[in-house]
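The values are calculated or read from the model by the stated rules, or taken from the named source; none is laboratory data. This one's a predicted model, so the numbers in the text were calculated from it and none came from an experiment. For neighbour counting, all protein chains shown are included, and Cβ atoms are generated from backbone atoms with ideal geometry for every residue, glycine included. Side chains are part of the model used for accessible areas, which takes the heavy atoms of the whole protein and leaves out ligands, DNA and RNA. Shrake-Rupley method; radii C 1.70, N 1.55, O 1.52, S 1.80 Å.
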Amino acid sequence: MAQILSSNSQSIDIDFSKLRVLIIDDQRTAAAMLKSLLNSLGLRNIDVSLTHQQAIESCKKHHYDLLLTDYHLDATLNGFELLCLLRKRKYISADCGIIMISGDASTEVILTSMAVEPDSFMTKPVTLSGLKKKLAEVRTACIERKPIYEALEVQGLNTAIELCKKQLREQGHNHRIEALLLDLLIESGQWEQAEQITTILKRKNPTHQISLIEARLLHHKGMLADAIAVLEQLIKRSPLIMDAYDCLSQYQEESQHYYEALATAETALSFTPSISHRALRVAQLAADLNNTENLVTAGKTLASRLPIIDIGWIIRFAEFTAIFEQLYFAQSSSKSRRLLRQELKAIHHRAHSRLLPIQQPFLDCFGHITLARLYLAQEQPLKAKRRLLLGLSTYFDSITKLPSVILADVLPALVHLGETKLIGEINRALKLRDQFDGHSQNRLDALRSNEALIQSVRNLESTLAHCYQLFDIHQADQALILYEHILIDYPYCSEAHIGRLQCLYLLKQFDEDKVRQSLQAVSAMPLPDDLAQWRDNVLSLMSEPQQPPRQMRLALTYRKRVSHYLPASSQTPLAS
């Protein structure tokens, strides 16, 4: 095993003139100065992006050897968020060197930058000698790791592991390659070999990464208390190692030290408030402890720092909302719930201020859906239905534009209410998606695993279609019987209520209670166009002044008579 960790080393000659470089800085003067320094070092192939949009387009078109990006780019996002996006979309390769630059050397900026694992961090003003040194270090690291990542992508874990070992034998100690080797060994399940190498490195070349690996190994062996002790000692020595806080909080929770786990997670979040997974971690631990104050604080932090560069912001917000609902429904008093709703409104307001104008309608839609879920749980179905349909109303004709996370969150409520037309539209939209985030997948899996519920919706769709056919052959009495049966299981189904009103009108059965019930269910509700047109036609017919029963005109606001219309049956079964 010692042969893997040779002490030999070798230098790599680097020709700077062959490097393709992208500078990302919203300050034109700063970008020009940096480009001038690079020119002085012999670099010629240099592009400059003054906005994150330009940076994205440049990375889509060109393969860069090196990115130098400022941390504070603009009000939309920072360098950390931009790099996360570029890597997520694979616009930059694993061997692309990353240097983060900032005139702000605050703890938050440095630690947040480190979370994206750049190759180096530089503070402004940048000097020529300092830049030259960093370029050499970063390019050397890129050259060393390139064959390993290529092997990992093409040939798999074992080949990548052997290349790591080969480099360490030939070039000697290398913190990054050693850490990568240990990560790959653990990922491939080779825990015993990882432990042997960790023991050697701990003795010969200890680093905080080795301590983290040691804690993971102890955790794997079930030695939870020892793993916690290693992490606590590491944090005491190096209090800015954020990964150590993440692991420690997890292990404290597993050992049922919940308050300690929450305190540790809050410390990590205080250092790096822009890292959304840490805000969600605090929120979840707070919800588990019924700690309203800490959950709300985490929610406000998340909302203020949402990563808005892509659709991930709504996923993070949906994950927080699910945690919020857990705490909300655990409250025993209506006052506590009311106060929590007010806090959630404030959190939504913060998020709304953070978002771009093009993103804000999604949050508005999601906010209505969230309130609908709360109302349903509190047995206020009419309020829930109105909120639900109000939230979706902007997208009745463009359901496919909605993010998967919104579709997944709204679908269970629509199933509960029996809104089959929208269920069918959402089902078709979801069939076009080939990937789902974890939150959406969990929502959909829970729904699809309920076979009885799925069959009930299929039966509802089939029965509604049969009712339409009965209208065509002028059997309103038979249709009314079916509608009444539907409303036993789905008392707020819009199609069934409109159909019942149509039947009552045609049969001259002026049952005041049934009319009032159906009017409450549909008269003031936003509905998809075909259902809205059918409803308006029925209400217009019922509001004609020659109709003698006064109760048939109660709450009717539509006077203009339109041509008779019944929607075609277009529903499809819920995806299974």
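Using only alpha carbon pairs under 8 Å that are at least six residues apart, calculate the relative contact order of the chain and give it in whole percent.
In percent, rounded to a whole number, it is 8.
Roughly how many percent of the accessible protein surface of the chain is carbon and sulfur, given a 1.4 Å probe and a whole-percent answer?
Details: 13210 of 26690 Å².
C and S fraction of accessible area: 49 percent.
Rounded, prolate or oblate: pick one for segment 485-549, where a ≥ b ≥ c are the square roots of the eigenvalues of its C-alpha gyration tensor, a/c under 1.5 means rounded, and failing that, prolate if a/b is larger than b/c, else oblate.
oblate
Please list the equivalent ellipsoid semi-axes of segment 75-222, computed as the square roots of five times the alpha-carbon gyration tensor eigenvalues, in descending order and whole angstrom. Write down the numbers at each step before the final one.
Values: eigenvalues 165, 64, 57 Å².
Those come to 29, 18, 17 Å.
Translational diffusion coefficient of the chain at 10 °C, 1.306 mPa s, Stokes-Einstein with Kirkwood Rh over Cα pairs, in µm²/s as a whole number.
Numbers: Rh = 28.0 Å.
Calculated translational D: 57 µm²/s.
Just how much of Glu57 is accessible, in Å², when a 1.4 Å probe is used and the result is rounded to the nearest 10?
Estimated to the nearest 10 Å², Glu57 gives 80 Å².
Please name which of Ala141, Gln27, Leu185 has its Cα lying farthest along the dipole of the chain towards the positive end, using unit charges on Cβ (Lys, Arg +1; Asp, Glu -1) and the Cα centre as origin.
Gln27
Which shape class, rounded, prolate or oblate, goes with segment 267-393 when its Cα gyration tensor gives a ≥ b ≥ c as root eigenvalues, a/c under 1.5 marks rounded, and past that a/b bigger than b/c marks prolate?
Oblate shape, in that a/c is at least 1.5 and b/c is the bigger or equal ratio.
Using a simple charge model, +1 on the beta-carbon of Lys and Arg, -1 on the beta-carbon of Asp and Glu, nothing else, what dipole does segment 395-491 show about its Cα centre, in debye to the nearest 20?
Using Cβ point charges on Lys, Arg, Asp and Glu, segment 395-491 gives about 320 debye.
Which order, highest average first, do 330-338, 512-520 follow once you tally other Cβ atoms within 10 Å for each residue and take the mean per peptide? Present the calculation step by step, with values, prior to reporting the outcome.
Values: 330-338: 11.6, 512-520: 16.7.
Top of the packing list down: 512-520, 330-338.
Using a simple charge model, +1 on the beta-carbon of Lys and Arg, -1 on the beta-carbon of Asp and Glu, nothing else, what dipole does segment 215-280 show about its Cα centre, in debye to the nearest 20?
For this selection, approximately 200 debye.
With +1 on the Cβ of every Lys and Arg and -1 on the Cβ of every Asp and Glu, and nothing else charged, how large is the dipole of the chain about its Cα centre, in debye rounded to the nearest 20? Intermediate values should be presented prior to the final figure.
Numbers: 64 positive and 64 negative charges, 245 e Å.
That gives the chain a dipole magnitude of about 1180 debye.
Arrange the residues Cys247, Cys164 by how much accessible surface each exposes, largest first, with a 1.4 angstrom probe.
Sorted by accessible area, descending: Cys247, Cys164.
So, for the chain, what is the accessible surface per residue at a probe of 1.4 Å, expressed in square angstrom?
Normalised by residue count, the accessible surface of the chain is 46 Å².
Please compute the contact order of segment 262-308 in relative form: average sequence separation of alpha-carbon pairs under 8 Å and at least six residues apart, divided by the residue count, as a percent.
So the answer I get is 39 percent.
Working with all protein chains in place, sort Arg44, Arg350 by solvent-accessible area computed with a 1.4 Å probe, largest first.
Of Arg44, Arg350, the descending order of accessible area is Arg44, Arg350.
Rounded to the nearest 0.05, what FRET efficiency is calculated for Arg338 and Glu192 with R0 set to 35 Å and r the Cβ-Cβ distance?
0.05
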